[in-house]
Amino acid sequence: MMSRVLRLAAALAGLAGISGTAHAVDVDPGDYTALPEGTNLALLYGIYTDRDQLQVPDVGTLKDGTRLRSAIGLARFVHFMKIGPFIVDPQVIVPFGSIYDGKVNGQRLNKSSGIGDITPFATVWLVNKPDPDHATYLGVSPILTFPTGTYNHKKAVNLGGNRMTYDLQVGLIKGLGKGITLDLTGDVIWYGDNDKYGAAKQTLSQDKSASVQLWGRYALNPKTSLSLGYAGYWGGKQQVDGLYNGTKTENQQIRAAVQTMVSKSVQLEAIAGRMVHVEGGFREAGRVQLRVLKIF
């Protein structure tokens, strides 16, 4: 019984590590399509997430009086260029928004608003074979996230993580014919230390994590597609001054998406998803993402 109480106390203390930018870079259907040299994209995302329970290892799942909500925006700019024989797309993602309405076992959490951690990166396409039915794209993305976001070590939740992250992401798109396309992405993520963690300014470290994201797309017509997706995340145990705090990056998600071109240069997208399994963290009962993409 005492070990369960200690683990619960550690998990509640560990909530200071909750960040609005804790995940890998999520991939939407078609993101690993290499566009022609000179193409620019401006994208604006709105993401609402409702979390309804907290799973704590060796303690169980906290449901009553437990929730956490967030409303996050992403501003993203992408430029496609050619370096030697390769298409490359330097880009930047700037998150902003709010994490709010948080409780754990009735204990109210603070809210955090402002700017999140900025992520600049680029994809290099090693395979670039466009085709209406059997296109093949293979890209590699070294992704850095910088600790630029709003962070207060005295708060339980923060938009910023106060640490660097290093994400090596590989994405494959394969056209299977008859309007069906498969998108497969894998990540390995390394985490820097947060040396101002919690009220006592302890050191938060985290094991590397891995993820797989999968989309199956079906083109209803040349302008509109429907997609079903899955994402799995593993690893990422967190330690505070060397002791496991009950938090890790292990969950499974299902997703559905619709994308449509409303003009020659504007695409609208809507994605809905939820976690179906989680260990060592909050469960996302529902997530809705809306995106506007402008080509110029």
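The values are calculated or read from the model by the stated rules, or taken from the named source; none is laboratory data. Worth saying up front: this structure is predicted, and the values here are computed from it rather than measured. FYI the Cβ positions are ideal-geometry reconstructions off the backbone, even for glycines, and counts take in every protein chain you see. Side chains are part of the model used for accessible areas, which takes the heavy atoms of the whole protein and leaves out ligands, DNA and RNA. Shrake-Rupley method; radii C 1.70, N 1.55, O 1.52, S 1.80 Å.
Could you order Arg51, Arg67, Arg274 so the one with the most accessible surface comes first? Probe is 1.4 Å.
Descending accessible area places them as Arg274, Arg67, Arg51.
In square angstrom, what is the accessible area per residue of the chain with a 1.4 angstrom probe?
The answer is 46 Å² per residue.
Rounded to the nearest 0.05, what FRET efficiency do Thr61 and Val266 have when you use their Cβ-Cβ distance and R0 = 51 Å?
Efficiency computed from Cβ-Cβ geometry: 0.75.
Using the Cα centre of region 35-168 as the reference point, and only Cβ charges (+1 on K/R, -1 on D/E), how large is the resulting charge dipole? Debye, rounded to the nearest 20.
It comes to approximately 660 debye.
Using R₀ = 22 Å, calculate the FRET efficiency as 1/(1 + (r/R₀)^6) where r is the Cβ-Cβ separation of Val124 and Phe296; round to 0.05.
0.45
If each Cα of region 72-189 is one equal point scatterer, what is log10 of I(q)/I(0) from the Debye formula at q = 0.15, 0.18 Å⁻¹?
Summing over Cα pairs of region 72-189 leads to -0.81, -0.97.
Roughly speaking, to the nearest percent, how much of region 107-158's 1.4 Å accessible area is carbon and sulfur?
The computed percentage sits at 59.
Find the relative contact order for region 228-268 and round it to a whole percent, using C-alpha pairs within less than 8 Å whose residues are 6+ positions apart.
39
Relative to the longest principal axis of the chain, what angle (0 to 90°, nearest 10) does the C-alpha long axis of helix 2-13 take?
Computed tilt is about 50 degrees.
Along the positive direction of the dipole of region 174-257 (beta-carbon charges: Lys, Arg +1; Asp, Glu -1; about the Cα centre), which of Val188, Val240, Trp215 reaches farthest?
The one lying farthest along the dipole's positive direction is Trp215.
Relative to the present Cα-Cα distance, how much length would full extension add between Asp52 and Asp131 at 0.36 nm per residue of separation?
Between Asp52 and Asp131, full extension yields 24.1 nm more.
From the cross-link list Lys201/Lys248; Lys111/Lys208; Lys103/Lys154, which pairs have alpha carbons spaced over 23 Å apart?
Lys111/Lys208
Pick from Asn158, Asn251, Asn105: which is most flexible by mean-square fluctuation in a GNM of the chain where alpha carbon atoms under 10 Å apart are linked?
With Cα springs under 10 Å in the chain, the top fluctuation among Asn158, Asn251, Asn105 is at Asn105.
Within region 27-56, which residues have the backbone N less than 18 Å from the label spot 7 Å out from Met81 along Cα→beta-carbon, could you tell me?
Only 34-42 fall inside the zone, counting backbone N under 18 Å.
How large are Rg and Dmax for region 140-274 when calculated on the C-alpha trace, in angstrom?
18.8, 59
Write down, largest first, the equivalent ellipsoid semi-axes of the chain in whole Å, where each equals the square root of 5 times an eigenvalue of the alpha-carbon gyration tensor.
They are 35, 20, 17 Å, listed largest first.
Say R0 is 51 Å: what FRET efficiency, to the nearest 0.05, do Thr224 and Lys103 get from their beta-carbon distance?
The formula returns an efficiency of 0.80 here.
Once you charge only the Cβ atoms, +1 for Lys and Arg and -1 for Asp and Glu, what is the size of the charge dipole of region 196-288 about its Cα centre, to the nearest 20 debye?
Computed about the Cα centre, the dipole is about 260 debye.
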